[in-house]
1. Does GLY359 satisfy the condition of being under 27 Å from GLU244 (Cα atoms) and modelled with pLDDT under 95?
2. Filter region 325-341 for residues that are surrounded by 14 or more Cβ atoms within 10 Å (Cβ to Cβ) and more than 27 Å from the chain's Cα centre (by Cα) and give the result.
3. Assuming THR105 fulfils every condition listed in (1) buried (at least 16 other Cβ atoms within 10 Å of the Cβ); (2) of a type outside the set (A, V, I, L, M); (3) in a strand (DSSP E or B) apart from one, which condition is it?
4. Quick check on my filter: what residues within region 122-146 are closer than 21 Å to PRO77 by Cα, under 12 Å from the mean Cα position of the chain (by Cα) and open to solvent by 10 Å² or more (accessible area, probe 1.4 Å)?
5. Residues of region 166-185 being hydrophobic (A, V, I, L, M, F, W, C) and either under 23 Å from GLU283 (Cβ atoms) or exposed (fewer than 14 other Cβ atoms within 10 Å of the Cβ) (or both), which ones?
6. Scan region 281-289 and tell me whether some residue there is of a type in the set (Lys, Arg), more than 23 Å from ARG392 (Cβ to Cβ) and in contact (Cβ under 8 Å) with a residue 60 or more places away in the chain.
7. At pLDDT 95 or above, open to solvent by less than 60 Å² (accessible area, probe 1.4 Å) and in contact with a His (Cβ under 7 Å, 6 or more places away or on another chain): which single residue out of ILE72, ILE7 fits that description?
8. Test each condition in (1) without any contact (Cβ under 8 Å) to a residue 40 or more places away in the chain; (2) under 30 Å from GLY317 (Cβ atoms); (3) open to solvent by 50 Å² or more (accessible area, probe 1.4 Å); (4) out of contact with any helix residue (DSSP H, G or I) (no Cβ under 7 Å at 6 or more places or on another chain) for ARG189 and report the one that comes out false.
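The values are calculated or read from the model by the stated rules, or taken from the named source; none is laboratory data. None of the values given here were measured: they were computed from a predicted structure. Neighbour counts are summed over all protein chains in view; Cβ atoms, including those assigned to glycine, are modelled from backbone coordinates with ideal geometry. Keep in mind that these areas ignore ligands, DNA and RNA; they rest on the heavy atoms of the full protein, side chains included. Shrake-Rupley method; radii C 1.70, N 1.55, O 1.52, S 1.80 Å.
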Amino acid sequence: MIVVVGIGADGMSGLPTASRVELARATTVYGSPRQLDLLDDSVSAHRRAWPSPLLPALRALLDDAEVDVHVIASGDPLLHGIGNTLIRMYGPERVAVLPHVSSVTLACARVGWAVQDTEIISLVTARVHTAVRRGGQAVVLSRDADSPATLARLLAETGRGDSELTILEQLGGPQERRRSATAREWAGRPPHDVDKLNVMAVRYLPDDRVAHALPDDVFAHDGQITKQSVRAVTLAALGPRPGELLWDVGSGSGSIAVEWCRSASGCAAVAFERDEVRRARIETNAITFGAAVDVRGAAPVHFDGAPEPAAVFVGGGLTQPGLLEGCFEHLPVGGRLVANVVTVESEAVVAQWYSRIGGTLRRFQHYHGEPVGGFTGWRAAMPVTQWMVTKR
């Protein structure tokens with residue numbers, strides 16, 4: 001059995017009896033040097049610091065244990081912690097977790113927020129811009145002492161400068177500290193003495209959250225964008241599910257990739273775009289909306305090395321030789337592909353694939369009301385043909 005014991009910044013004094021009993025009987029305790037230093041003399045076990053990198057060595061360290069192994073972890077080990085990793089590796093029947101109060105609960109208690117109304121964002125492995133939001137509140141788990149200043153700068157740069165950002169350091173310990181300012185203020189005079197053990201409580205302002213689909217003018221684009229109405233039906237066709245990865249091929253402005261990432265928890269995207277200026281624009285849109293988008297070069301030559309998708313959207317370049325073949329090669333069985341086309345040549349390619357492997361064909365024609373003298377008339381947008389198919 002692997003027993004994972006959560007511990008706070010207050011060390012042994014804050015542990016409940018059950019956790020103390022487990023550590024007292026332990027023969028070997030694994031943890032980070034900082035966590036191991038929190039143990040006192042009542043713990044006689046051999047203390048072993050995790051190697052770096054941890055994951056490749058984790059199974060080898062724990063597989064051969066003949067007796068119970070104990071692991072010490074910060075706060076709640078099941079909140080973006082080592083407890084989740086161990087359960088995935090060994091199963092819940094071999095891992096017991098004794099949690100401490102989490103940093104999220106402590107942070108919400110300090111700022112007076114209801115935990116259930118608060119988003120939890122971890123920057124331990126994610127890029128800092130994925131903590132940018134257009135409203136609401138979140139507890140952000142920092143990667144290091146630089147995370148607060150970096151996030152404050154990004155919020156100011158993306159029009160979120162009024163956001164209220166509270167830095168909470170050494171939560172629950174004798175050195176606990178709390179400091180609050182707007183993101184704009186932090187960006188203008190970034191704090192240089194932040195403890196590396198910190199979290200941030202962020203209330204994002206102004207609050208202009210919109211579910212789906214976003215207006216076209218909130219994206220940076222050069223006209224190469226899937227328009228709002230078509231984007232809505234395209235997301236419905238793609239059917240994003242929590243934790244899934246999308247390939248956005250011929251991404252243009254990245255609007256589909258961004259909307260995909262916003263649609264469900266843990267969703268991410270890889271955007272393939274041949275034009276360098278547009279790639280930079282996709283990065284800008286991803287940062288603005290806190291979307292986890294990996295921007296790469298042209299398809300299909302940059303497919304190799306990209307993580308495998310659950311779904312693929314083709315918004316451009318469909319007539320390029322080998323593009324659809326490459327998409328299907330990397331798509332798993334059960335994966336979805338959606339292609340939007342507006343030219344006769346692209347429609348011909350889609351018709352051939354539809355005749356060969358099936359799927360669903362739809363065509364959308366949208367009209368916009370525009371002035372005609374003193375009256376109003378209808379102006380047609382280009383019709384969009386959409387092909388949807390699931391790989392069998």
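1. Here the answer is no, as GLY359 does not meet what is asked.
2. VAL341
3. (3)
4. SER122, VAL124, THR125, ALA126
5. Residue satisfying the conditions is ALA183 alone.
6. Yes: region 281-289 contains one or more residues that are of a type in the set (Lys, Arg), more than 23 Å from ARG392 (Cβ to Cβ) and in contact (Cβ under 8 Å) with a residue 60 or more places away in the chain.
7. After applying the criteria, what remains is ILE7.
8. All conditions are met except number (2).
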